[in-house]
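Here is the structure we will look at.
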């Protein structure tokens, strides 16, 4: 099992397992639930109407800018 890139964190309304599909990332690159790990991008449910793909792009940019 390879290193995971994403940590999917659901909430009371949305299960973590839906997030890879909504963010359009490979399921096998995701850890479902658990504690954040170094270098991961944490994926969380967004308010209704938000663009998951655009949000992922923002998260990746932040990761690059922070040097993680």
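The values are calculated or read from the model by the stated rules, or taken from the named source; none is laboratory data. Everything quoted here is computed from the prediction, not taken from an experiment. Here the Cβ positions follow ideal geometry from the backbone for every residue, glycine too, while neighbour counts run over all protein chains shown.
Would you check if residue 45 is in contact (Cβ under 8 Å) with a residue 12 or more places away in the chain, surrounded by 12 or more Cβ atoms within 10 Å (Cβ to Cβ) and outside any loop (DSSP other than H, G, I, E, B)?
no
Which of the residues spanning segment 15-46 are farther than 18 Å from residue 62 by Cβ and at pLDDT below 95?
33, 34, 35, listed by residue number.
Which members of segment 11-28 meet the condition of being in contact with a strand residue (DSSP E or B) (Cβ under 6 Å, 6 or more places away or on another chain) and either surrounded by fewer than 15 Cβ atoms within 10 Å (Cβ to Cβ) or not in a helix (DSSP H, G or I) (or both)?
Scanning segment 11-28 gives 17, 25.
If you scan segment 14-37, which residues turn out to be more than 14 Å from residue 52 (Cα to Cα), touching a helix residue (DSSP H, G or I) at 6+ places or on another chain (Cβ under 7 Å) and in contact (Cβ under 8 Å) with a residue 12 or more places away in the chain?
Residues satisfying the conditions are 30, 32, 33.
All but one of (1) exposed (fewer than 10 other Cβ atoms within 10 Å of the Cβ); (2) free of Cβ contacts under 8 Å to residues at least 24 places away in the same chain hold for residue 51; state the number of the condition that does not hold.
(1)
Looking only at segment 33-42, count how many residues are within 11 Å of the chain's Cα centre (by Cα) and exposed (fewer than 15 other Cβ atoms within 10 Å of the Cβ).
Summing the residues that are within 11 Å of the chain's Cα centre (by Cα) and exposed (fewer than 15 other Cβ atoms within 10 Å of the Cβ) in segment 33-42 gives 3.
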